[in-house]
Amino acid sequence: MSVTNYFLPQSLDEALRLVSEHEDALLVMGGGTVTMPLINEGISAPEQVLGLRRAGLDYIRQEGGGLVLGATTTLSQILDEAPIPMLREAARNTAAWAVRNMGTVGGNFFVPPPAGDLATALLALDAELKLVSRDGDHRVPVSRFYTGFMTNVLEDDELLAEIWVPMPEGQTAFIKYGRKEANTPAVVTVATHIVNQNGQVTKARLALNAVGPHPFRARKAEAVLEGSALGADTIEAAAKAAAEECQPSTDAIASEWYRRKMVKVFVGRALNQLAGEEG
Ligand SMILES: Cc1cc2nc3c(=O)[nH]c(=O)nc-3n(C[C@H](O)[C@H](O)[C@H](O)COP(=O)(O)OP(=O)(O)OC[C@H]3O[C@@H](n4cnc5c(N)ncnc54)[C@H](O)[C@@H]3O)c2cc1C
(Lines give C-alpha, C1' and ligand atoms only; values in the text may rest on other atoms or scores of the structure.)
Protein backbone atom coordinates (compact mmCIF):
# COMPACT_ATOMS: atom_id res chain seq x y z
CA MET A 1 0.00 0.00 0.00
CA SER A 2 1.27 3.52 -0.72
CA VAL A 3 0.23 6.98 0.46
CA THR A 4 -2.86 8.01 -1.49
CA ASN A 5 -3.70 11.22 0.36
CA TYR A 6 -1.33 13.77 1.83
CA PHE A 7 -3.22 16.48 3.70
CA LEU A 8 -1.54 19.78 4.49
CA PRO A 9 -4.07 21.72 6.62
CA GLN A 10 -3.55 25.48 6.90
CA SER A 11 -4.92 25.75 10.45
CA LEU A 12 -5.32 23.71 13.63
CA ASP A 13 -9.12 23.63 13.12
CA GLU A 14 -8.70 22.12 9.68
CA ALA A 15 -6.18 19.59 11.04
CA LEU A 16 -8.62 18.60 13.82
CA ARG A 17 -11.46 18.15 11.35
CA LEU A 18 -9.31 15.79 9.28
CA VAL A 19 -8.17 13.90 12.38
CA SER A 20 -11.77 13.47 13.57
CA GLU A 21 -12.82 12.18 10.15
CA HIS A 22 -9.99 9.67 9.77
CA GLU A 23 -8.77 9.00 13.34
CA ASP A 24 -6.24 6.13 13.43
CA ALA A 25 -6.40 5.63 9.63
CA LEU A 26 -4.35 8.84 9.35
CA LEU A 27 -0.66 9.18 10.09
CA VAL A 28 0.11 12.54 11.71
CA MET A 29 3.46 14.00 10.76
CA GLY A 30 5.33 16.87 12.43
CA GLY A 31 8.71 17.29 10.76
CA GLY A 32 8.74 13.72 9.43
CA THR A 33 12.27 12.93 10.66
CA VAL A 34 11.12 9.63 12.13
CA THR A 35 8.00 8.88 10.08
CA MET A 36 9.38 9.62 6.59
CA PRO A 37 12.34 7.18 6.74
CA LEU A 38 9.92 4.46 7.92
CA ILE A 39 7.60 5.16 4.98
CA ASN A 40 10.50 5.33 2.51
CA GLU A 41 11.86 1.99 3.71
CA GLY A 42 8.42 0.36 3.52
CA ILE A 43 8.33 -0.33 7.28
CA SER A 44 5.29 1.91 7.68
CA ALA A 45 2.64 2.01 4.93
CA PRO A 46 -0.02 4.58 5.81
CA GLU A 47 -2.68 5.34 3.21
CA GLN A 48 -3.37 8.82 4.56
CA VAL A 49 -0.82 11.29 5.92
CA LEU A 50 -1.48 14.63 7.58
CA GLY A 51 1.42 17.08 7.69
CA LEU A 52 1.19 19.67 10.46
CA ARG A 53 3.87 22.06 9.25
CA ARG A 54 1.41 24.63 7.79
CA ALA A 55 -1.09 24.44 10.65
CA GLY A 56 0.32 27.53 12.41
CA LEU A 57 1.82 25.71 15.40
CA ASP A 58 5.42 26.90 15.05
CA TYR A 59 5.84 29.60 17.69
CA ILE A 60 7.65 30.35 20.92
CA ARG A 61 6.08 32.99 23.14
CA GLN A 62 6.13 34.07 26.76
CA GLU A 63 2.74 34.01 28.45
CA GLY A 64 1.42 33.90 32.02
CA GLY A 65 4.78 33.34 33.76
CA GLY A 66 5.77 30.64 31.33
CA LEU A 67 6.80 29.78 27.84
CA VAL A 68 4.46 28.43 25.18
CA LEU A 69 5.95 26.24 22.47
CA GLY A 70 3.80 25.40 19.47
CA ALA A 71 4.00 21.67 18.75
CA THR A 72 5.67 22.08 15.34
CA THR A 73 8.36 24.45 16.63
CA THR A 74 11.57 22.92 15.32
CA LEU A 75 14.46 21.87 17.49
CA SER A 76 16.58 24.50 15.68
CA GLN A 77 14.10 27.23 16.66
CA ILE A 78 14.36 26.08 20.26
CA LEU A 79 18.15 26.07 20.09
CA ASP A 80 18.17 29.61 18.68
CA GLU A 81 15.29 31.25 20.55
CA ALA A 82 14.13 29.48 23.73
CA PRO A 83 14.83 31.70 26.77
CA ILE A 84 15.34 28.67 29.07
CA PRO A 85 18.98 27.47 28.97
CA MET A 86 18.12 23.79 29.67
CA LEU A 87 15.84 23.69 26.62
CA ARG A 88 18.58 25.09 24.39
CA GLU A 89 21.04 22.58 25.83
CA ALA A 90 18.63 19.69 25.23
CA ALA A 91 18.00 20.81 21.63
CA ARG A 92 21.75 21.18 21.04
CA ASN A 93 22.18 17.58 22.20
CA THR A 94 19.45 16.21 19.92
CA ALA A 95 20.58 14.76 16.58
CA ALA A 96 22.49 17.04 14.14
CA TRP A 97 21.39 20.24 12.43
CA ALA A 98 19.66 18.55 9.46
CA VAL A 99 17.30 16.67 11.77
CA ARG A 100 16.97 19.67 14.13
CA ASN A 101 15.87 21.88 11.20
CA MET A 102 12.95 19.52 10.46
CA GLY A 103 12.25 17.68 13.74
CA THR A 104 9.68 19.23 16.05
CA VAL A 105 9.31 19.55 19.80
CA GLY A 106 5.90 17.84 19.54
CA GLY A 107 7.36 14.89 17.66
CA ASN A 108 9.95 14.41 20.40
CA PHE A 109 7.17 13.16 22.73
CA PHE A 110 6.27 10.28 20.41
CA VAL A 111 9.68 8.82 19.60
CA PRO A 112 10.96 5.71 21.36
CA PRO A 113 13.89 5.89 23.79
CA PRO A 114 16.81 6.56 23.55
CA ALA A 115 15.20 9.48 21.64
CA GLY A 116 13.15 11.94 23.69
CA ASP A 117 15.97 14.20 24.90
CA LEU A 118 13.95 17.41 24.72
CA ALA A 119 10.90 15.71 26.28
CA THR A 120 13.16 14.71 29.20
CA ALA A 121 14.16 18.34 29.80
CA LEU A 122 10.50 19.39 29.58
CA LEU A 123 9.57 16.70 32.11
CA ALA A 124 12.15 18.09 34.58
CA LEU A 125 10.68 21.57 34.06
CA ASP A 126 7.11 20.44 34.98
CA ALA A 127 5.85 21.27 31.48
CA GLU A 128 2.26 20.57 30.46
CA LEU A 129 0.97 19.35 27.10
CA LYS A 130 -2.12 20.89 25.55
CA LEU A 131 -4.04 18.09 23.84
CA VAL A 132 -6.84 19.24 21.55
CA SER A 133 -9.74 17.67 19.70
CA ARG A 134 -12.82 19.14 18.06
CA ASP A 135 -14.59 18.75 21.42
CA GLY A 136 -12.12 21.00 23.28
CA ASP A 137 -8.73 20.85 24.92
CA HIS A 138 -7.11 19.76 28.16
CA ARG A 139 -3.66 20.05 29.70
CA VAL A 140 -1.70 17.01 30.80
CA PRO A 141 1.54 17.26 32.79
CA VAL A 142 4.38 15.51 30.93
CA SER A 143 4.72 13.30 34.02
CA ARG A 144 1.26 11.85 33.26
CA PHE A 145 1.53 11.69 29.46
CA TYR A 146 3.36 8.39 28.97
CA THR A 147 1.64 5.12 29.80
CA GLY A 148 4.31 2.68 28.54
CA PHE A 149 6.75 2.02 25.72
CA MET A 150 5.41 4.07 22.75
CA THR A 151 2.03 4.50 24.45
CA ASN A 152 0.50 7.64 25.94
CA VAL A 153 -2.79 9.28 26.86
CA LEU A 154 -3.39 10.98 23.47
CA GLU A 155 -6.75 9.86 22.01
CA ASP A 156 -7.20 9.02 18.32
CA ASP A 157 -9.15 12.24 17.67
CA GLU A 158 -6.58 14.46 19.46
CA LEU A 159 -3.41 16.30 18.50
CA LEU A 160 -0.66 17.73 20.66
CA ALA A 161 -1.04 21.45 19.94
CA GLU A 162 1.37 23.15 22.33
CA ILE A 163 3.56 22.79 25.37
CA TRP A 164 3.44 25.15 28.34
CA VAL A 165 6.63 25.48 30.37
CA PRO A 166 6.72 27.40 33.67
CA MET A 167 9.79 29.65 33.83
CA PRO A 168 12.12 27.72 36.14
CA GLU A 169 13.24 29.10 39.48
CA GLY A 170 16.44 27.76 41.00
CA GLN A 171 18.98 25.77 39.03
CA THR A 172 18.90 23.33 36.14
CA ALA A 173 21.38 20.90 34.61
CA PHE A 174 21.14 18.71 31.51
CA ILE A 175 23.64 15.99 30.65
CA LYS A 176 23.31 13.55 27.79
CA TYR A 177 25.88 10.79 27.85
CA GLY A 178 26.40 8.88 24.59
CA ARG A 179 29.16 6.92 22.92
CA LYS A 180 30.22 9.97 20.90
CA GLU A 181 30.46 13.68 21.66
CA ALA A 182 27.59 14.71 19.36
CA ASN A 183 24.79 13.39 17.13
CA THR A 184 24.57 10.19 19.12
CA PRO A 185 21.85 8.22 20.89
CA ALA A 186 21.89 8.46 24.68
CA VAL A 187 23.25 5.82 27.01
CA VAL A 188 21.51 7.97 29.60
CA THR A 189 20.03 11.47 29.58
CA VAL A 190 19.71 13.34 32.89
CA ALA A 191 17.71 16.56 33.30
CA THR A 192 17.45 18.05 36.76
CA HIS A 193 15.79 21.10 38.26
CA ILE A 194 16.47 22.02 41.87
CA VAL A 195 15.19 24.84 44.06
CA ASN A 196 17.22 25.60 47.19
CA GLN A 197 16.09 27.74 50.12
CA ASN A 198 18.25 28.44 53.17
CA GLY A 199 20.63 25.65 52.25
CA GLN A 200 17.90 23.04 51.79
CA VAL A 201 16.46 21.58 48.62
CA THR A 202 12.76 22.52 48.62
CA LYS A 203 11.95 21.14 45.18
CA ALA A 204 13.76 18.46 43.18
CA ARG A 205 12.99 17.18 39.72
CA LEU A 206 15.20 14.47 38.25
CA ALA A 207 14.15 13.22 34.83
CA LEU A 208 15.93 10.32 33.10
CA ASN A 209 15.74 8.84 29.63
CA ALA A 210 17.17 5.87 27.73
CA VAL A 211 16.97 3.85 30.95
CA GLY A 212 13.27 2.98 30.92
CA PRO A 213 10.33 2.66 28.52
CA HIS A 214 9.96 6.46 28.24
CA PRO A 215 11.30 9.61 29.92
CA PHE A 216 10.41 9.35 33.64
CA ARG A 217 11.01 11.08 36.96
CA ALA A 218 13.27 9.26 39.39
CA ARG A 219 10.93 9.92 42.31
CA LYS A 220 12.87 8.03 44.97
CA ALA A 221 15.96 10.06 44.15
CA GLU A 222 13.87 13.25 44.24
CA ALA A 223 12.63 12.27 47.70
CA VAL A 224 16.23 11.82 48.88
CA LEU A 225 17.05 15.35 47.69
CA GLU A 226 14.01 17.19 49.02
CA GLY A 227 14.49 18.46 52.55
CA SER A 228 18.27 17.90 52.51
CA ALA A 229 21.28 20.07 51.79
CA LEU A 230 22.84 19.39 48.38
CA GLY A 231 26.03 17.93 49.87
CA ALA A 232 28.21 14.97 48.92
CA ASP A 233 26.28 12.40 51.00
CA THR A 234 22.89 13.48 49.66
CA ILE A 235 24.17 13.47 46.08
CA GLU A 236 25.65 9.99 46.52
CA ALA A 237 22.38 8.69 48.03
CA ALA A 238 20.24 10.29 45.28
CA ALA A 239 22.46 8.90 42.50
CA LYS A 240 22.27 5.44 44.09
CA ALA A 241 18.47 5.67 44.39
CA ALA A 242 18.17 6.72 40.72
CA ALA A 243 20.33 3.77 39.63
CA GLU A 244 18.13 1.42 41.66
CA GLU A 245 14.80 2.71 40.34
CA CYS A 246 15.66 2.97 36.62
CA GLN A 247 14.61 0.13 34.28
CA PRO A 248 17.25 -0.02 31.55
CA SER A 249 17.43 -2.70 28.88
CA THR A 250 20.24 -4.05 26.77
CA ASP A 251 20.44 -2.95 23.15
CA ALA A 252 23.05 -2.27 20.45
CA ILE A 253 24.14 0.91 22.24
CA ALA A 254 24.74 -0.36 25.78
CA SER A 255 23.96 -3.18 28.17
CA GLU A 256 21.44 -2.93 30.97
CA TRP A 257 24.33 -3.25 33.47
CA TYR A 258 26.34 -0.40 31.89
CA ARG A 259 23.33 1.91 31.59
CA ARG A 260 22.52 1.45 35.28
CA LYS A 261 26.15 2.22 36.23
CA MET A 262 26.06 5.35 34.07
CA VAL A 263 22.83 6.55 35.72
CA LYS A 264 24.68 6.70 39.03
CA VAL A 265 27.69 8.44 37.48
CA PHE A 266 25.74 11.05 35.49
CA VAL A 267 23.06 11.81 38.08
CA GLY A 268 25.98 12.40 40.45
CA ARG A 269 27.67 14.69 37.91
CA ALA A 270 24.52 16.71 37.22
CA LEU A 271 23.87 17.24 40.94
CA ASN A 272 27.52 18.05 41.66
CA GLN A 273 27.39 20.63 38.89
CA LEU A 274 24.48 22.33 40.68
CA ALA A 275 26.17 22.05 44.09
CA GLY A 276 29.29 23.65 42.58
CA GLU A 277 27.29 26.53 41.13
CA GLU A 278 25.71 27.12 44.51
CA GLY A 279 29.07 27.33 46.24
C1 LIG B 1 19.40 10.64 12.40
C2 LIG B 1 18.47 10.92 13.57
C3 LIG B 1 18.99 11.24 14.79
C4 LIG B 1 18.15 11.49 15.89
N5 LIG B 1 18.72 11.82 17.07
C6 LIG B 1 17.92 12.10 18.13
C7 LIG B 1 18.50 12.46 19.39
O8 LIG B 1 19.74 12.53 19.55
N9 LIG B 1 17.67 12.72 20.42
C10 LIG B 1 16.30 12.68 20.28
O11 LIG B 1 15.60 12.95 21.25
N12 LIG B 1 15.73 12.34 19.10
C13 LIG B 1 16.50 12.05 18.03
N14 LIG B 1 15.92 11.71 16.84
C15 LIG B 1 14.47 11.54 16.78
C16 LIG B 1 13.63 12.69 16.14
O17 LIG B 1 14.14 13.21 14.99
C18 LIG B 1 13.33 13.83 17.01
O19 LIG B 1 13.05 13.34 18.27
C20 LIG B 1 12.19 14.76 16.51
O21 LIG B 1 11.86 15.63 17.59
C22 LIG B 1 10.93 14.07 16.01
O23 LIG B 1 10.05 15.09 15.53
P24 LIG B 1 9.33 15.04 14.11
O25 LIG B 1 8.41 16.20 14.08
O26 LIG B 1 10.29 14.92 12.99
O27 LIG B 1 8.53 13.68 14.25
P28 LIG B 1 7.69 12.93 13.11
O29 LIG B 1 8.58 11.96 12.41
O30 LIG B 1 6.94 13.90 12.27
O31 LIG B 1 6.63 12.16 14.03
C32 LIG B 1 7.05 11.25 15.01
C33 LIG B 1 5.81 10.73 15.73
O34 LIG B 1 5.19 11.80 16.44
C35 LIG B 1 3.81 11.91 16.11
N36 LIG B 1 3.51 13.36 16.16
C37 LIG B 1 4.34 14.36 15.76
N38 LIG B 1 3.78 15.54 16.05
C39 LIG B 1 2.58 15.29 16.62
C40 LIG B 1 1.55 16.12 17.15
N41 LIG B 1 1.65 17.47 17.16
N42 LIG B 1 0.46 15.54 17.69
C43 LIG B 1 0.35 14.19 17.70
N44 LIG B 1 1.30 13.34 17.23
C45 LIG B 1 2.40 13.89 16.70
C46 LIG B 1 3.72 11.31 14.74
O47 LIG B 1 2.41 10.81 14.48
C48 LIG B 1 4.75 10.19 14.80
O49 LIG B 1 4.18 9.05 15.40
C50 LIG B 1 16.74 11.44 15.72
C51 LIG B 1 16.20 11.12 14.48
C52 LIG B 1 17.04 10.87 13.41
C53 LIG B 1 16.42 10.55 12.08
If we scan the stretch 71-83, do we find a residue that is among the hydrophobic types (A, V, I, L, M, F, W, C), more than 11 Å from the ligand (Cβ to nearest atom), assigned to a loop (DSSP other than H, G, I, E, B) and buried (at least 16 other Cβ atoms within 10 Å of the Cβ)? yes
Just to be sure before I move on: is residue 186 touching a Lys or Arg at 6+ places or on another chain (Cβ under 8 Å) and either at pLDDT below 95 or surrounded by 19 or more Cβ atoms within 10 Å (Cβ to Cβ) (or both) in the structure I sent? yes
How do the strands (runs of 3 or more DSSP E) wholly within the stretch 124-222 filter down when requiring 1 or more residues that are more than 30 Å from residue 15 (Cβ to Cβ) and not charged (D, E, K, R): which remain? 171-178, 186-197, 200-209
Out of the residues in the stretch 14-55 that are part of a helix (DSSP H, G or I) and in contact with a Ser or Thr (Cβ under 8 Å, 6 or more places away or on another chain), state the one that is farthest from the ligand (Cβ to nearest atom). 20
State all residues of the stretch 206-227 that are open to solvent by 40 Å² or more (accessible area, probe 1.4 Å), over 11 Å from residue 246 (Cα atoms) and not aliphatic (A, V, I, L, M); if no residue qualifies, say none. 226, 227
Meets criteria (closer than 17 Å to residue 277 by Cα and within 14 Å of the chain's Cα centre (by Cα)) for residue 207: no
Would you mind stating whether residue 277 is without any contact (Cβ under 8 Å) to a residue 60 or more places away in the chain and not aliphatic (A, V, I, L, M)? no
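Here is a yes/no grid of residues against (1) near the ligand (Cβ under 9 Å from one of its atoms); (2) within 12 Å of the chain's Cα centre (by Cα); (3) basic (Lys, Arg); (4) outside the structural domain of residue 242 (by TED's automatic domain parsing):
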position	(1), (2), (3), (4)
123	no, yes, no, yes
136	no, no, no, yes
156	no, no, no, yes
194	no, no, no, no
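Does the stretch 106-119 contain at least one residue that is more than 30 Å from residue 247 (Cβ to Cβ) and surrounded by fewer than 21 Cβ atoms within 10 Å (Cβ to Cβ)?
No, there is no match, as no residue in the stretch 106-119 is more than 30 Å from residue 247 (Cβ to Cβ) and surrounded by fewer than 21 Cβ atoms within 10 Å (Cβ to Cβ).
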Checked against (1) at negative phi; (2) more than 11 Å from the ligand (Cβ to nearest atom); (3) not acidic (Asp, Glu), residue 99 satisfies every condition except (2)
Any idea how many residues of the stretch 228-256 are within 15 Å of residue 200 (Cα to Cα) and out of contact with any Ser or Thr (no Cβ under 8 Å at 6 or more places or on another chain)? 7
Inside the stretch 87-102, can you point out the residues that are crowded, with 23+ Cβ neighbours inside 10 Å and aliphatic (A, V, I, L, M)? 87, 90, 91
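The values are calculated or read from the model by the stated rules, or taken from the named source; none is laboratory data. This one's a predicted model, so the numbers in the text were calculated from it and none came from an experiment. No Cβ is skipped: glycine too gets one built from the backbone with ideal geometry, and neighbour counts run over all protein chains shown. Just the protein is used for accessible areas: all its heavy atoms, side chains included, with ligands, DNA and RNA removed. Shrake-Rupley method; radii C 1.70, N 1.55, O 1.52, S 1.80 Å.
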